[in-house]
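Participant: This structure is in structure tokens; I'll ask about it shortly.
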Amino acid sequence: MAEHGDLIEAVHRHAVGFIESIGGPIRRLKVTAGEVTLEAEWADPAALADAADRHAAAADGATSNGQGPDGVASGAALVAATVDAHGTRAAATAASVTLNGAAATLVAVIPSPTVGTFYRCPEPGAEPFVKEGDLVTPGQQVAILEAMKMMNPIHALTAGRITRILVEDAAAVEYGQALFALEES
Amino acid sequence: MAEHGDLIEAVHRHAVGFIESIGGPIRRLKVTAGEVTLEAEWADPAALADAADRHAAAADGATSNGQGPDGVASGAALVAATVDAHGTRAAATAASVTLNGAAATLVAVIPSPTVGTFYRCPEPGAEPFVKEGDLVTPGQQVAILEAMKMMNPIHALTAGRITRILVEDAAAVEYGQALFALEES
Amino acid sequence: MFGTVLIANRGEIALRVVRTCKEMGIRTVAVYSSADEDSPVVRMADEAVRIGPPPAKRSYLYAPAILQAARLTGAEAIHPGYGFVSEDADFAEMCQAEGLTFIGPPPEVLAMLGDKAEALRVLSAAGLPVLPGTHRPIASAGEAVEAAAGIGFPIIVKALSGGGGRGMAIAMRPSELPEAYARARNAARAVFGDERVYLERYVESARHVEVQVLGGLHGQVLHLGARDCSVQRRRQKLIEETPVPGLPGDVAARLCERTVEAARAVGYVGAGTFEFLLDDAGEFHCIEVNCRIQVEHPVTELVTGVDLVREQLNVAATGAPGITQADVRLSGAAIECRINAEDPARGFLPTPGTVESLTLPAGPFTRVDDHVRQGMRVSPFYDPLLAKVSVWAPDREQALARMERALSECVVTGPGISTTTGFLAGLLAHPLFRDGKHTTALAETFDPA
Amino acid sequence: MFGTVLIANRGEIALRVVRTCKEMGIRTVAVYSSADEDSPVVRMADEAVRIGPPPAKRSYLYAPAILQAARLTGAEAIHPGYGFVSEDADFAEMCQAEGLTFIGPPPEVLAMLGDKAEALRVLSAAGLPVLPGTHRPIASAGEAVEAAAGIGFPIIVKALSGGGGRGMAIAMRPSELPEAYARARNAARAVFGDERVYLERYVESARHVEVQVLGGLHGQVLHLGARDCSVQRRRQKLIEETPVPGLPGDVAARLCERTVEAARAVGYVGAGTFEFLLDDAGEFHCIEVNCRIQVEHPVTELVTGVDLVREQLNVAATGAPGITQADVRLSGAAIECRINAEDPARGFLPTPGTVESLTLPAGPFTRVDDHVRQGMRVSPFYDPLLAKVSVWAPDREQALARMERALSECVVTGPGISTTTGFLAGLLAHPLFRDGKHTTALAETFDPA
């Protein structure tokens, strides 16, 4: 896939851009590079409810093995993040990218579990938890979210490569806002 | 076409029924008996204006040669009637009926030129001007419309066979209401 | 009260009248042209009759079809709304001949006040101040020049059968008079089919103030306060309000009382509006009488609590209003904005088209007089009024803030459709308007961009 | 006045508060759950923060997210609307701790009046008549039976932290008391996480009457008249009106004055509602105080011309209302109907879904408090209120006719969506309601079919 690197990056950018540009409960996005086609599949509002809740639960009590307290697997949590993205400008989704015959890759995001301030580093001046291009493992801390004077760790829910950090350091974020885009491995 | 008579009648009934059932500025209706298909084409609202006016003029001053005062041919007047039917429940249109290979036939209606009371006969008890099945010629009187105590003759605008009388004798009719359905010859 | 009333109009005023009729238990008949098939009034009325094609002259102005529709539906009375046949003395007479009640003044009054020059003679005789002018038709440019001497410049040449600001021409100085005379005469012939014109002193900078009256058959006349309609473009009102900003209460009261006396003197019956120019010197000059319900009647309803259409029906059915002057208490301030489908950026060109999305204001002390629905076609055949937005508040300042809020909620979109909402918001924010120091010149020259 | 106010609510009341804030030049912050992404308030507010997932406990009831949003947006005050955190003393205290102004009564007052039993002790001490009852928690069925002797049957067992008619059980005779006690206790535990209950005389047939008060920080308390909310289903109000039909003016005035004294005695601050039962004997019994703006506040606004949200902001910002009792003049009659997305034919089952077509009433003296838009999804997570329709008229009879007309204009359609509009129209036409002789039993038993 190395030689496809740029193309993948471009497609990722377009995918995220597209998701940012539309509202609506998008659930799955297909971008084909060859004969430029772009398919979008919308979420089933019914699924929204518990999924969102499951995700919230999972995101809140996110533990080092990426399991929610109710034992939802990280995959489920991701889907939840996806479905819960209903109508948000910069929220989670998955895009299957087909490049003339290359294997499909899943693009996920790490959403913010609540309203707060986003920090990339353990403390001012320190090295950031992760940089674009880093590989992360489930449960690995990738950022801090400050809410009501409490520092909440943000964990990766799945293994993969950070392709894009979507929020500035020390920026205010809202619930469900996409913080990182990553390409699952 | 004789052996097709019933089928034609049936198709006419359905066509008129369909037109009655829908609102919207329908312009052209296609009913295929064989592989039951029904196509409807809607009118261009822009065309509505002058066409309607032309038709009204034509219908008002309808002369024995079916020409409007502004010299609009009866065909044009018919189209006008058609387009002017915008949104009406029982208004004029044309339907091209294809019966496995038989020649297409144009179905037209004679609309009421204004608000009034519709009379089929010259005077009470007399023979009606026309019956279903009659052949009419352009300009032939087919009914009387009483409006403001005046008896206004209603003329056929085109030659054809009266297939359906759409209004009861002595019934109140509104502007543009379809009075007769006829099959142009 | 009437059992069935036919509404010989369209758009928001037809719906407005149907609403009050429903509330009074009166059966309603709507008449409509084929361009208005999908207007909500066609469904909301108990019965609807299509009377003609889109052009008004063949439908909403076509008396035979309207009267025939009334006969076929058993209507006892006809409410003409505003515009169209509302001030047509001949139509009112035809109604009488048909045994129908025309909801408005009697034909004689309509004829008398419809002749603008005669109206001024009559109003002046009735004790109202009018501008110096001929108050009779002028037969030639020469005669005009003679008459001008006794009037003083600037002079406006007006069509005798005029209205709505059409068929007029202004001469700033004597040299311009013959040409203005010719221009007005041609316009009058073209627009009203009556080339007769008269001269009047032209007031360049003035406020437009009007008094709402309500008269019964037996000389009972009362007023419902004064409105300011100085925000106009080409003599089309855009924003109307009450009370008149900056006008002392006692001055307004005196104006209203004098108007009531004059209305009684001319035998006015029904709802009507006496229009005045208020010049820089603080002088009032009566310019004409509108013998019908006004577009801007909601602001008066908001400060009085009186349903003016209900009172029109009361007068028409019983000869007397349902209220007396003592029942009319003016409270607070009200403003109305007319949302038109026009493009201010293209000289207020009407922008007909299909409404794709429509959101009109709502919430506290906010009234909407609507008639457009999502998916409906705004027709090119009639005035471009989409909706009237009116608000009430304890005082003018709060009312202005409320209207700003209300306008900010208006969303009317569709291919090719523009609205005057932004233009109106700009006017509301204009310092002259905020201070109530504006004249009829404000909107003519205002450029929001 | 505040520079920025955060509205910790959703739906029509969030929009209602934003409207008044805009009119007062206050910057607004909306908070919303991911189920309310497409709510108009998200666009109409100057800023909007998504605070959590659809379930209210994780968004509209989740104080940390709300307060964090306030901090990040620089809000100085929080308007809680009704429901959710509006009467939560802890939340009000957290606001104080955060240096934010909670727009409502101080935490102590919320705590005192939030404890239904203590509230009754306090209100009774403040001179208001209350029903015989224990006014303190009952620890066992045995204790309940003892206490019952001093109260008399029928008896209602109520949750101490109750409200909205939940956590209650009725015993018509002594034999039913132990079971009712157990039932109420379980419900109270389940619904409010507080199993404490108390006993009170149950009034079977009564009117629901309430008095709107407005209090300042320094004992300035005024009233804005009384409302009748007797049309209820399962203690959910469906139709509210003012004045109270059939209640003599002097009786209403006395009730309002006594309420003002009591409100002053308990140190009430802000807008609040004192609820009473009016029994067949014409006796009033105070049952509780709602420490917030009420859903039905528009009817009071329509007869007084007072913007209650504006007054809430005045009190919160300056400690004093912007008006005095002398400014409050009650004029005419007003009625409100709540249009819910519920199916009366299926036990008022909520009917969430996407709104395909939406037409709400408009026209003379008609107010709509909306929040739904065409194409918007009515969420299954929150109350099914689609819109509030309110009308004003000079008297009740005209107001009823006007409301009938207004309801006839309501069209809300979409796959699976039903509304209560028809049910409400049926209630309006009911002889008992028309005569103003209905009690809270009317809507419970009414079947339009």
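Participant: So how many residues does region D:296-323 have that are more than 30 Å from D:Gly99 (Cβ to Cβ) and away from chain C (no Cβ under 13 Å)?
Facilitator: 1
Participant: How many of the residues in region D:55-67 are part of a loop (DSSP other than H, G, I, E, B) and more than 11 Å from A:Gly176 (Cβ to Cβ)?
Facilitator: Matching residues across region D:55-67 total 4.
Participant: Within region D:368-387, identify whether any single residue is among the small types (Gly, Ala, Ser) and more than 10 Å from chain C (Cβ to nearest Cβ), and answer yes or no.
Facilitator: The answer is yes; a qualifying residue exists.
Participant: All but one of (1) at the interface with chain C (Cβ under 7 Å from one of its Cβ atoms); (2) surrounded by fewer than 21 Cβ atoms within 10 Å (Cβ to Cβ) hold for D:Arg402, so report the exception by its number.
Facilitator: Among (1) at the interface with chain C (Cβ under 7 Å from one of its Cβ atoms); (2) surrounded by fewer than 21 Cβ atoms within 10 Å (Cβ to Cβ), D:Arg402 violates only (2).
Participant: Tell me which of these D:Ala70 doesn't satisfy, since it passes every other one: (1) hydrophobic (A, V, I, L, M, F, W, C); (2) in a loop (DSSP other than H, G, I, E, B); (3) crowded, with 23+ Cβ neighbours inside 10 Å.
Facilitator: (2)
Participant: Restricting attention to region D:1-42, and to residues there that are free of Cβ contacts under 8 Å to residues at least 60 places away in the same chain and within 14 Å of chain A (Cβ to nearest Cβ), which single residue is surrounded by the fewest Cβ atoms within 10 Å (Cβ to Cβ)?
Facilitator: Top of the filtered list is D:Val42.
Participant: So, of the residues in region C:288-312 that are part of a strand (DSSP E or B) and surrounded by fewer than 23 Cβ atoms within 10 Å (Cβ to Cβ), which turns out to be farthest from the chain's Cα centre (by Cα)?
Facilitator: Top of the filtered list is C:Glu288.
Participant: If you scan region D:388-399, which residues turn out to be facing another protein chain (nearest Cβ under 8 Å) and surrounded by fewer than 19 Cβ atoms within 10 Å (Cβ to Cβ)?
Facilitator: Hit for region D:388-399 is D:Pro394, nothing else.
Participant: May I ask you to verify whether C:Leu255 is under 26 Å from C:Ser124 (Cα atoms), part of a loop (DSSP other than H, G, I, E, B), free of Cβ contacts under 8 Å to residues at least 60 places away in the same chain and in contact with a strand residue (DSSP E or B) (Cβ under 9 Å, 6 or more places away or on another chain)?
Facilitator: no
Participant: Here is a further query. So D:Ala326 ticks every box in (1) free of Cβ contacts under 8 Å to residues at least 12 places away in the same chain; (2) more than 30 Å from C:Thr304 (Cα to Cα); (3) of a type outside the set (Phe, Trp, Tyr) but one. Which box is left unticked?
Facilitator: So the condition that D:Ala326 fails would be (2).
Participant: For D:Ala281, are the conditions met, namely being closer than 25 Å to C:Val368 by Cα, among the small types (Gly, Ala, Ser) and either assigned to a loop (DSSP other than H, G, I, E, B) or within 13 Å of chain C (Cβ to nearest Cβ) (or both)?
Facilitator: When the stated conditions are applied, D:Ala281 does not pass them.
Participant: Could you grab me the full set of residues in region C:187-236 that are closer than 19 Å to C:Arg396 by Cα, touching a Lys or Arg at 6+ places or on another chain (Cβ under 9 Å) and not aliphatic (A, V, I, L, M)?
Facilitator: The answer is C:His208, C:Glu210, C:Asp228, C:Cys229, C:Ser230.
Every residue, every condition in (1) touching a Ser or Thr at 6+ places or on another chain (Cβ under 7 Å); (2) at pLDDT 95 or above, yes or no:
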{"site": "C:Gly193", "(1), (2)": "no, no"}
{"site": "C:Gln236", "(1), (2)": "no, no"}
{"site": "C:Ala252", "(1), (2)": "no, yes"}
{"site": "C:Asp280", "(1), (2)": "yes, no"}
{"site": "C:Glu288", "(1), (2)": "no, no"}
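Participant: What single numbered condition from (1) within 14 Å of chain C (Cβ to nearest Cβ); (2) of a type in the set (Lys, Arg); (3) within 23 Å of the chain's Cα centre (by Cα) fails to hold for D:Arg338?
Facilitator: Condition not satisfied by D:Arg338: (1).
Participant: Looking at region C:132-155, which of the residues that are under 19 Å from C:Asp115 (Cβ atoms) and either among the aromatic types (Phe, Trp, Tyr) or touching a helix residue (DSSP H, G or I) at 6+ places or on another chain (Cβ under 8 Å) (or both) is surrounded by the most Cβ atoms within 10 Å (Cβ to Cβ)?
Facilitator: Ranking the candidates gives C:Ala144 first.
Participant: Pull up region D:53-101, narrow it to residues that are more than 13 Å from chain A (Cβ to nearest Cβ) and charged (D, E, K, R), then point me to the one that is nearest to D:Gln294 (Cα to Cα).
Facilitator: The residue in question is D:Glu87.
Participant: Of the numbered conditions (1) surrounded by 24 or more Cβ atoms within 10 Å (Cβ to Cβ); (2) in contact with a Phe, Trp or Tyr (Cβ under 6 Å, 6 or more places away or on another chain), D:Gly332 satisfies every one except a single condition; which is it?
Facilitator: The failed condition is (1).
Participant: Name, by its number, the condition in (1) surrounded by 20 or more Cβ atoms within 10 Å (Cβ to Cβ); (2) without any contact (Cβ under 8 Å) to a residue 40 or more places away in the chain that does not hold for B:Val109.
Facilitator: Among (1) surrounded by 20 or more Cβ atoms within 10 Å (Cβ to Cβ); (2) without any contact (Cβ under 8 Å) to a residue 40 or more places away in the chain, B:Val109 violates only (2).
Participant: Which ones in region C:362-388 are more than 30 Å from D:Leu308 (Cβ to Cβ) and acidic (Asp, Glu)?
Facilitator: C:Asp383
Participant: Still on this model: Looking only at residues that are more than 14 Å from chain C (Cβ to nearest Cβ) and in a strand (DSSP E or B) in region D:341-367, which one is surrounded by the most Cβ atoms within 10 Å (Cβ to Cβ)?
Facilitator: Only one residue tops the list, namely D:Glu342.
Participant: What about A:Ala181, is it buried (at least 21 other Cβ atoms within 10 Å of the Cβ), in a strand (DSSP E or B) and either of a type outside the set (Lys, Arg) or within 14 Å of chain D (Cβ to nearest Cβ) (or both)?
Facilitator: yes
Participant: Can you pull out the strands (runs of 3 or more DSSP E) entirely within region A:130-169 that have at least 3 residues that are more than 12 Å from the chain's Cα centre (by Cα)?
Facilitator: A:141-147, A:150-155
Participant: Could I ask something else about it? Give the number of residues within region C:260-278 that are farther than 30 Å from D:Leu302 by Cβ and in a helix (DSSP H, G or I).
Facilitator: Final tally of qualifying residues: 5.
Participant: Within region A:112-128, identify whether any single residue is modelled with pLDDT of 95 or more, among the aliphatic types (A, V, I, L, M), closer than 23 Å to D:Ala48 by Cα and not in a strand (DSSP E or B), and answer yes or no.
Facilitator: Within region A:112-128, one or more residues are modelled with pLDDT of 95 or more, among the aliphatic types (A, V, I, L, M), closer than 23 Å to D:Ala48 by Cα and not in a strand (DSSP E or B).
The values are calculated or read from the model by the stated rules, or taken from the named source; none is laboratory data. Source: prediction; values computed, not measured. Cβ: placed from backbone, ideal geometry, glycine included. Neighbour counts: every protein chain shown.
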